[in-house]
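These notes concern the structure reproduced below.
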Amino acid sequence: MARWQPDARERLEKAAFDLFVERGFADSTVPEIAQRAGLSTRTFFRHFADKREALFADENAIPELASRMIAEAPEGTSAMQIVADGFDEVAARQFTRPKQYFLARHVVIQSDEGLRERELRKQAALVDALRRGFEGRGIDPLEALLASHLTGTVFSVSIGRWLSPGETASLPELLHDTFDRLRRTADGSAGLASGAPRVAATEPPQ
């Protein structure tokens, strides 16, 4: 067996995910993941600290993308407009796999308390990246903090809606709809008649 495999990380990620779905996170071991990938346990630990890491391998991707989009936004663009303008790009770049993958991943995460905590840490990392990016543009720290937390809420609620049973709207549609509803709620116009089409609200999956 070669010591270095150019696709080792990807193979380990896939093997771990497949095992977590088939057998459950708690009942899948690192040696089994490595064996499924055709690699050694030692190779696994060269890429990941533990088996949880294999499920969150891309956790820095969205915060990094958000930071870049904030830095590249035209001067004078408000924090929330930067966010709204970026919904389609974030969805196109970071949610390219079939929806079934994200549904299965959600089930795995919900099955384990440690994974649920890790998912919350990932969301917190996004909020922190947004806050730092907004402050870097000279936005008032309090406004930057509020905008970053509101953005985190929009993403969390939208993804929850997207993964709800029977939901047929696309993630970009739900991101824009959730954002619009949040704005209407903030300015007191929520529930008022509007000519804009609305996407039906759904409860996030448990």
Legend entry - In Hz, Karplus ³J(HN,Hα) per residue of segment 152-166 (6.51, -1.76, 1.60; θ = phi - 60°; x = Gly, Pro): x, 5, 4, 5, 4, 5, 5, 5, x, 5, 4, 8, 6, x, x
Legend entry - Contact order relative to length of segment 8-55, as percent, for alpha carbon pairs under 8 angstrom and 6 or more apart: 44 percent
Inset, instruction - For ARG132 paired with GLU72, estimate the spin-label separation in nm (one decimal), with each label point 7 Å from Cα along the Cα-to-Cβ line. - result: 1.9 nm
Inset, instruction - Could you tell me which of rounded, prolate or oblate describes segment 22-116, using a ≥ b ≥ c as the square roots of the eigenvalues of the alpha-carbon gyration tensor, with rounded for a/c under 1.5 and, failing that, prolate when a/b is larger than b/c and oblate otherwise? - result: prolate
Inset, instruction - Please give the calculated 222 nm ellipticity per residue for the chain, where each DSSP H segment of at least 4 residues contributes -39500 (n - 2.57) and the sum is spread over every residue; nearest 500 deg cm²/dmol? - result: -21500 deg cm²/dmol
Legend entry - Candidate lysines - alpha carbon under 21 Å from LYS51, same-chain residues fewer than 8 apart omitted: LYS14, LYS122
Inset, instruction - Please work out how much length the chain gains when fully extended from ASP58 to VAL107, using 0.36 nm per residue of separation minus the C-alpha to C-alpha distance, in nm with one decimal. - result: 15.9 nm
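Just add up the charged neighbours of LYS99: K/R +1, D/E -1, any other residue whose Cβ is under 11 Å from the Cβ of LYS99.
My count for the surroundings of LYS99 gives +1.
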Inset, instruction - With the cut-off at 20 Å, report for the chain the share of all Cα pairs above it, as a whole percent. - result: 63 percent
Legend entry - Efficiency of FRET from Cβ geometry, GLU117 and ASP140, R₀ 22 Å, rounded to 0.05: 0.10
Legend entry - Rounded tilt (10° steps) of 8-23 against the dominant C-alpha axis of the chain: 90 degrees
Inset, instruction - Highest first, please rank the peptides 18-25, 147-154 by the mean number of other Cβ atoms sitting within 10 Å of their residues. - result: 147-154, 18-25
Legend entry - In degrees, nearest ten, helix 61-72 long axis to first principal axis of the chain (Cα): 40 degrees
Inset, instruction - Return the single residue from ALA124, ALA79, ALA186 with maximal mean-square fluctuation; model: Gaussian network over the chain, springs between Cα atoms under 10 Å. - result: ALA186
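Below 13 angstrom from the Cβ of ILE70, what's the summed charge of the other residues (Lys, Arg +1; Asp, Glu -1)?
On the way: positive: ARG68, ARG131, ARG132, ARG137; negative: GLU64, GLU72, GLU75, ASP85, GLU89, ASP128, GLU135.
Value of the local net charge: -3.
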Legend entry - Helix axis angle, 99-110 relative to the chain longest principal axis, alpha carbon, degrees: 80 degrees
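Report the full-extension gain for the segment GLN35 to LYS14: residue separation times 0.36 nm, less the Cα-Cα distance, to one decimal in nm.
Numbers: separation 21, 0.36 × 21 = 7.56 nm, distance 1.20 nm.
Extra length from GLN35 to LYS14 when fully extended: 6.4 nm.
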Inset, instruction - Report the far tail of the P(r) of segment 57-161, meaning the percent of Cα-Cα pairs longer than 15 Å. - result: 64 percent
Inset, instruction - Find how much the distance from ALA26 to THR153 grows on full extension, using 0.36 nm per residue of separation minus their present alpha carbon separation; answer in nm with one decimal. - result: 42.8 nm
Inset, instruction - Take the alpha carbon atoms of segment 97-112, find their center, do the same for segment 145-180, and report the distance between the two centers in whole angstrom. - result: 17 Å
Inset, instruction - List the relative contact order of segment 61-186 as a percent without decimals, with contacts defined as Cα pairs under 8 Å and 6+ residues apart. - result: 30 percent
Inset, instruction - With springs only between Cα atoms under 10 Å apart, run a GNM on the chain and tell me which of LEU182, LEU171, LEU115 wobbles the most. - result: LEU182
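Each value in this text was obtained by applying a stated rule to the coordinates, not by laboratory testing. Remember, it's a predicted structure, so these values are computed and weren't measured experimentally. Every residue, glycine as well, gets a Cβ built from its backbone with ideal geometry; the counts of neighbours run over all protein chains shown.
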